[in-house]
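Chemist: Handing you a structure now.
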């Protein structure tokens, strides 16, 4: 730390606790409280109930959770595949900077612009995806590929290339070097990219709200619709379900990443 005295350290920790509590912890506490609130007319909620949570786990709202999970795994894992391939192809290439710029372009512009671009591009033949779930998956793929590419590209910078060179010198084909040397060494980074992509996909709303069909509505879109109709408590319960599902998914992927590191 840059602060060496005990009073200075104590003051620093108090300031951090206040800022963290107000900006990070308090919104989560409020959402959790609202999810179980029957009414909220004063400083604190009253008449606690689990009815809002039951609504969030039934009917169309439960279907939205299934849609979000499917979209996150399809879009997120496809983003990992494309991002890993792009990082491997660009590594050591003279076009590496161009590849970096192209892969990060989708997150350099507002996600609403990405959604509108996909809506215009795929609303007519020869590729008509408007009104299908695939346009939502593609939107998530386009937005998440930058994070996957960046994670794997950063890991490639730290990997010793001599292992691949030794394998090639012993007669291993390029495909065998890729599958048995390069990819196993990148497995922790790929797992991290998968966790990040899935987590970000679970909460994506900007592009999704531009392209989603009525039959493929994700949880963030449902939360937006509920809050727009004034159903704040149900929206909070839906947000709590989304938060719990995202944490469980990320925890599972992190466990897989830990096993990849051990191997």
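No value in this document is a laboratory result; all are computed from the given coordinates. Bear in mind that the values here come from a model prediction, so they are computed numbers and not experimental data. Cβ placement follows ideal geometry from the backbone for every residue including glycine, while neighbour counts extend to all protein chains displayed.
Chemist: How much length would be gained if the chain were fully extended between residue 66 and residue 49, taking 0.36 nm per residue of separation minus their Cα-Cα distance, in nm to one decimal?
Modeler: 3.7 nm
Chemist: Regarding segment 71-218, what whole-number volume in Å³ per residue does the convex hull of its Cα atoms give?
Modeler: With only Cα atoms used, segment 71-218 gives 117 Å³ per residue.
Chemist: Take 163, 212, 149 and order them by how many other Cβ atoms sit within 10 Å, fewest up front.
Modeler: Least to most surrounded, the residues fall as 163, 212, 149.
Chemist: Also, I was wondering about something else. Counting only C-alpha contacts under 8 Å and six or more residues apart, can you give the relative contact order of segment 95-146 as a whole percent?
Modeler: 44 percent
Chemist: If Rh is defined by the Kirkwood formula over all Cα pairs and Rg also comes from Cα, what ratio Rg/Rh do you get for segment 40-132?
Modeler: Value, to two decimals: 1.18.
Chemist: Oh, and also: For segment 81-159, rounded, prolate or oblate, judged on the Cα gyration tensor with a ≥ b ≥ c (square roots of eigenvalues), a/c < 1.5 rounded, else prolate if a/b > b/c?
Modeler: Here segment 81-159 falls in the prolate category.
Chemist: Report the rotationally averaged projected area of segment 28-68 based on its alpha-carbon convex hull, in square nanometres.
Modeler: Quarter of the Cα hull surface area: 3.3 nm².
Chemist: So what's segment 113-157 giving for Cα Rg divided by 2.2 N^0.38 Å, two decimals?
Modeler: Normalised Rg, Cα atoms only: 1.45.
Chemist: Now for a separate question. Extension gain residue 127-residue 179, at 0.36 nm per residue separation less the Cα-Cα distance, in nm?
Modeler: Gain in length upon complete extension: 15.4 nm.
Chemist: Measuring from a point 7 Å past the Cα of residue 91 along Cα-to-C-beta, which residues in segment 161-187 have an amide N at less than 12 Å?
Modeler: 161-165, 177-187
Chemist: For volume of the Cα convex hull per residue in Å³, pick the label among (i) 154; (ii) 194; (iii) 166 that corresponds to the value derived from the coordinates.
Modeler: (ii)
Chemist: Next question. I want to check the label-to-label distance for residue 40 and residue 15. Put each point 7 Å from Cα in the C-beta direction and report it in nm to one decimal.
Modeler: Going by the 7 Å Cα→Cβ label model, 3.1 nm.
Chemist: Something else: Quick one: what Rg and Dmax do you get for segment 182-263 from the alpha carbons, in Å?
Modeler: So, for segment 182-263, Rg and Dmax equal 16.2, 52 Å respectively.
Chemist: Can you compute the FRET efficiency between residue 159 and residue 105 using 1/(1 + (r/R0)^6), with r the Cβ-Cβ distance and R0 = 22 Å? Round to the nearest 0.05.
Modeler: It comes to 0.30.
Chemist: Kindly put 198, 221, 241, 145 in sequence by how many other C-beta atoms sit within 10 Å of each C-beta, fewest to most.
Modeler: The fewest-first ordering by Cβ neighbours comes to 221, 241, 198, 145.
Chemist: Please find, in a Gaussian network model of the chain (springs between Cα atoms separated by less than 10 Å), the residue of 56, 33, 79 whose mean-square fluctuation is greatest.
Modeler: Fluctuation is largest for 33.
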